[in-house]
1. Only one of these is under 22 Å from the mean Cα position of the chain (by Cα) and either under 30 Å from Ala654 (Cβ atoms) or hydroxyl-bearing (Ser, Thr, Tyr) (or both): Ile822, Ile773, Ile807. Name it.
2. Can you name the number of the only condition in (1) touching a residue at least 12 places away in the same chain (Cβ under 8 Å); (2) within 30 Å of Asn741 (Cβ to Cβ) that Ala316 fails?
3. For residues that are over 24 Å from Ala786 (Cβ atoms) and in contact (Cβ under 8 Å) with a residue 12 or more places away in the chain, tally how many sit in region 615-642.
4. Got a sec? Which of Thr1292, Thr1344, Thr1277 is among the β-branched types (Val, Ile, Thr), more than 22 Å from Lys909 (Cβ to Cβ) and surrounded by fewer than 23 Cβ atoms within 10 Å (Cβ to Cβ)?
5. Do we have any residue at all in region 869-879 that's in contact with an Asp or Glu (Cβ under 6 Å, 6 or more places away or on another chain) and farther than 29 Å from Leu679 by Cα?
6. When you look at Leu304, is it modelled with pLDDT of 75 or more and either open to solvent by less than 20 Å² (accessible area, probe 1.4 Å) or not small (Gly, Ala, Ser) (or both), yes or no?
7. When residues of region 1482-1533 are filtered for being in a loop (DSSP other than H, G, I, E, B) and either β-branched (Val, Ile, Thr) or within 15 Å of Ile1441 (Cα to Cα) (or both), how many remain?
8. Would you pick out the residues in region 1481-1500 that are touching a Pro at 6+ places or on another chain (Cβ under 6 Å) and either open to solvent by less than 10 Å² (accessible area, probe 1.4 Å) or without any contact (Cβ under 8 Å) to a residue 24 or more places away in the chain (or both)?
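The values are calculated or read from the model by the stated rules, or taken from the named source; none is laboratory data. If you're wondering where the values come from, they're calculated on a predicted model, not measured in any experiment. Positions of Cβ are generated from backbone atoms using ideal geometry, with glycine treated the same way; all protein chains shown enter the neighbour counts. With ligands, DNA and RNA removed, areas are computed over all heavy atoms of the protein, side chains included. Shrake-Rupley method; radii C 1.70, N 1.55, O 1.52, S 1.80 Å.
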Amino acid sequence: MQVLSLEEPGSKLTSQAVVSVLPPALEDSQFKLSHNTIQATVRKSMHFYVLWANWLLMSEFIDIHTEAVQAALAKHKEEKMALPMPTKRRSTYVQSPIETRTPPDSSSGSEDETSVRRQSSLVPPPPVVNPNQQSPDSWINRTVQGSSTSSSASSTLSHGEAKPIASFRLFSLASPVAPSENSAPPPDVTAVAPPSRGPRVDLTNNAVVRGMSRGQSRSSMMETADGVPVNSRVSTKIQQLLNTLKRPKRPPLSEFFTDDAEEIVEVPEPDPNTPKPEGRQIIPVKGEPLGVVSNWPPALQAALARWGSTQGKSPALTALDITGKTLYTLTYGKLWSRSVKLAYTLLNKLGTKNEQILKPGDKVALVYPNSDPGMFWVAFYGCLLAEVIPVPIEVPLSRKDAGICQVGFLLGSCGVGLALTSEICLKGLPKTPTGEILQFKGWPRLKWVVTDSKYLTKPSKEWQPHIPTANTDPAYIEYKASKDGTVVGVAVSKVAMLTHCQALTQACNYCEGETLVNVLDFKKDMGLWHGVLTAVMNRIHTISVPYAVMKACPLSWVQRVHIHKARIALVKCRDLHWAMMAHRDQRDTSLASLHMLIVADGANPWSVSSCDAFLNVFQSHGLKPEAVCPCATSPEAMTVAIRRPGVPGTPLPARAILSMGGLSHSVIRVNTEDKNSALTVQDVGHVMPGALMCIVRPDGPPQLCKTDEIGEIIINSRAGGNMYYGLPGLTKNTFEVIPVNANGVPIGEIPFVRSGLLGFVGPGSLIFVVGKIEGLLMVSGRRHNADDLVATALAVEPVKTVYRGRIAVFSVTVFYDERVVIVAEQRPGASEEDSFQWMSRVLQAIDSIHQVGLYCLALVPANTLPKTPLGGIHTSDTKQFFLDGNLHPCNILMCPHTCVTNLPKPRQKQPVGVGPASVMVGNLVAGKRIAQAVGRDLGMIEDQDLVRKAQTKLSFALQWRAQTDADHVLFVLLNAKGVTVSTATCVQLHKRAEKIAAALTEKGSINTGENVVLLYPPGIDLIAAFYGCLYAGCVPVNVRPPHPQNLAATLPTVRMIIDVSKAACILTTQSLMRTMRSKEAAASVNIKTWPTIIDTDDLPRRRPPQIYKPPTAEMIAYLDFSVSTTGMLTGVKISHAAVSAICRSIKLQCELYSSRQIAICLDPYCGLGFVLWCLASVYSGHQSVLIPPFELESCLSLWLSTLTQYRIRDTFCSYSVMELCTKGLGTQTELLKARGVNLSCVRSCVVIAEERPRLALSHSFSKLFKDIGLSSRAVSTAFGSRVNLAVCLQGTTGPDPCTVYVDMKSLRHDRVRLVERGAPQSLPLMESGKILPGVRVIIVNPETRGPLGDSHLGEIWVNSPHNASGYYTIYGEESLQANHFNTKLSFGDPQTLWARTGYLGFVKRTELLEANGDRHDALFVVGSLDETLELRGLRYHPIDIEISVSRAHRSIAESAVFTWTNLLVVVSELCGSEQDALDLVPLITNVVLEEHHLIVGVVVIVDPGVIPINSRGEKQRMHLRDSFLADQLDPIYVAYNM
């Protein structure tokens, strides 16, 4: 049973009658109502199954919507939820009077599970805090802002096991006590000038090794479980965000889908609780017959001719100037004579006598401003008399006008070549420097004709315009902008134009000689139909009030009604609102003369409050309630329905109070329970005379709706549009619709026209409109009307934050559903807090009332949204700006957590039920091979005793070469000019090494086996010092020297490695020694506790007493220290045997021998870079041309010029060098060619890296330098890790590196599925080089430690004679690293010892053949296991997300991602203007959601160069995370997505 409460207008408390809406079986039961009129109306409409009518008291103005919003917000005031406000850097582009650092809301979050749904998006207004009573948060924040703290989560190694002590996780102490003299304040990771990245820094902050005391205990730190200080402002905000996300969300949709490899989306199951229509099929509604009046003219031109000749002095039009005063009055006589002159001129005076430009039937554009209606009237009727077809358009003001290109498409499709305009308008059009009118984008070439009287020719007396009886030829074309921004032209025939005027005359009861005040645009729609066409037919005097006058004097139209005693006024809701706001200025105005106040947008559901408010104010000024006449129109169907002026004293029409929930399912349900989620709709009167109306479903076939169902209104009438000009396909779908019944059978043969209006037929055949098809947002299978959302947003008080009329609502498709976006213009004086508070309250209101979540709410600066010609917001252009990142908001709030409810189900990792051996057997049975690959045999060492002895240990090799080939040049060092700075022959290097060994023994008093730090710039000194240490029996530790311009950030790293390695001595140059003892150094570290420093620049010629001979090859040759991208400082021990094995392996792979020459341009401080720079030449005897990478900053072309000059066949570089050349020289290939640079000699260019190959960069490099001879096959990559410095290296023989495309969805499940190039969600991966001789790799499950099949992603394990011996530990606890360096498979081959690289990858057998004829097994590295992100049970690789983010917007230079407490944080560097910063937030959120099915929790926009990058060009994401959490980044903007 549904209840209707019926209230009689006029009384304060009315009688109520209760009516049951009965099922069909009981439909004949009798019922009585208290009022005869209403009883008759209800009886008349008993063919409805459902009746609705919550009648409102008309005498009292009650804005239901505002009440509903206030009630909805009141619900949420009880919850004290602290939403994190975005952090914004104070900047010139932000119009904000508040301070940058806004303390977070101190109200506590409630965890009440019974609260309303989806409160994660709801924010109460912040409580007023007494400045004297500080909250704990604000006190903590103030403390933090003064200190530069850094933090990090405690890191475990990739395999969930105990971490070796030598793998040092970096962190800095945020101590509340003053630092001791031994602990300097931590350096700032981001203290680099924004334009350049500055020096590459391996480590940042005053990092301290875990387990080592630095003057204070760990207990002095306030930390969370993850080791992050709680007094970080960012941590506080993230905790607030997490609290909001914990709150109960709206229940997820039924169409949850499983993200498996085959398909993403399952077919959604229908919700059984969805309301469904239950009424009978609707019966078409017929309008009253169109009466035949004897004096109606046969054509509209005939009416003008009649009035022009018989009533020549009768006023036709009065135009107002900008102040609201009368500008001129055009009489019917003048209108007729000028129109005839224009018609004659158009047909006879525009071309030559024999060939006129225009002929009847041609189309012409009318370009007149809204301030000059008279010229437009003359032009329009002149065209009708000349029988040419006018196409009225707006005046183009600039190339950037909203939608101007689409207007050009309309003109082109209509074949318009001529434009009529006025002289003043022509002068105002934008011109080229030569004075010609600008050619607008997309417009056809137009000839412009000025139609001012002085330029028109008076026709001879015998010439008369031809006025035929109205026929079906087009009379005019009215433009219409669609939802997507396209502009179409609706052609209206002459007979339709005339019939429409007759229908309006009958419906509105127009009489001859009346006065009409028109505030609407006279070029189209109601302003044209009533104010120009019907007015002339009935000799009505029209007073045209232009938009400019309304802006200056909102009451001008009311004053005109009063002055002229006008009977009709044509207005919009905005005009009612403006007049009501300004009514206090005029107390003596009278609206008693008004017979009809036609509200053109009365079909909008929110027009009720405007009408009621206006009536409430002006009823005392004589306005009659029955005079308010809302109507419904559309360009296609023209006037659909209009409320007829009522008889005084009769009851006013009904209002329907409908359930928003029902409306969203297109079902009518009376709202009796929750008044807050109700929509009050007023009727728009009855169907037009002579029309037939149906309601059909808007989607699919035009099936008739049921009586309680909302659908699209379709009209059959002679008074309507005929077609979209030039678009027959669209025309058929819109203007030739045949409704069908439930069985799909057409109900007749009469064609109907789609109106684009959504509505239903109410009691008494009254028409109710609830929205437009264009404003329909289809979200999660439910329909929401954009106008309803606008009304709710504007009902949120206070509205002082935004402008009322400048708000756009649209939806964007993100991740298989539509997402609602609201964009509004912010008032200049609104503060950040006001804006954020208003936005959060809008979220609450829309969530409660419409039961839909907002995806994005953006505020832009005033006057920046694209406007329509009459000042409204151009929604489709606004949407395009949003999607293109050109909106430039000043405030933005993203709520993806709230509204994205169709994410794939999180993956549940299944416990392994069967044993690993069974899995392997199953794989073999299924035909899957074990994923392993082997390099070729290392081979036996040559038999010569001397060679064998020399090449077992590298120090022997140098001595042997000094004796056998003394003058052979091993090393050539170049400077930035390409000039040789120094060279080293075998004997020179040997002697320099001897000098250094002697100095170590004498000056440093170094004992055998002690560690010595080498601190040198890239060069030959470093190589000599390394061999000097080997000669002295010391263990060299190579360390990157501190950067002189950035000691604060780089020197602490040096200090840490010296401390960790317990170095007994430091070998360095004079200048570096001075730097280490300088005052600047003392500010960063304690310079008094350096070990012995030996300057090796000017050593005396001395030989050591003896050259050390290690007793066994297993002795440590050197320590290799490096910082991983996760911030792990790891030092590994490399034995003499490993050194010899790696050098021999590289020699075989690259075919290196004494007569060969290679070029090296990479940093020589760790990994394979150090091996190539210092070791390989001494072992193999080839010559190495050394190019320090920092020299490229002075001369970008140095490396490429060197390759040309020395005719180098094999070169080694880093990704940093390749990127420098690509970005700096990519556009200068012609200049390089002119300088003689030619790379055709290069056979192999190998990139040395410890990461996934950067395919895009490699391809770019190859393509760019193809023009200067670089072979497309030359570029390849190498791969090494901490446990094995060189696993793969392409070399000179064997197949080219291959590229495969893998499915990203499968990869997240640790599965490898190859797909075709270009497949959706495909990821290209390049082989990481050819596996080196003597190396075996196998792919292993990191959890079960069992071997995997070749269709799985797993950890790469390696067995090789050049594996590192272990991590260097200062405590000697060797057992801790056994699981990394000496680990065994859990089954399969339990004897072999493997080293775990910590990298994920897979092996694929390719069709290519090895030299021995076997098929080639390719190793593909996917990413570091430490860096993978475990989200929603899936494994993500940061680089994949970062590549997507970098594509999102042109202003994103670099990006990095990391997780924090299960929130995905994206940091992006902004390379454009700061006003682009907030544009990036929605685009980044969109692209990550679309491509990776993840919701971004926090978006951080920073300056270029903030993301720390190490010397190998790898991002240090964990350092970035620590700096962000410690509030050290100084971000431009931080958005916390709700």
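1. Result of the check over Ile822, Ile773, Ile807: Ile807.
2. It fails just one condition, (2).
3. 13
4. Thr1292
5. Among the residues of region 869-879, at least one is in contact with an Asp or Glu (Cβ under 6 Å, 6 or more places away or on another chain) and farther than 29 Å from Leu679 by Cα, which makes the answer yes.
6. Numbers: modelled with pLDDT of 75 or more: yes; either open to solvent by less than 20 Å² (accessible area, probe 1.4 Å) or not small (Gly, Ala, Ser) (or both): yes.
Yes; evaluated as a whole, the condition is true for this residue.
7. Adding up the residues that qualify gives 6.
8. Thr1485, His1493, Val1500 - these are the residues of region 1481-1500 that are touching a Pro at 6+ places or on another chain (Cβ under 6 Å) and either open to solvent by less than 10 Å² (accessible area, probe 1.4 Å) or without any contact (Cβ under 8 Å) to a residue 24 or more places away in the chain (or both).
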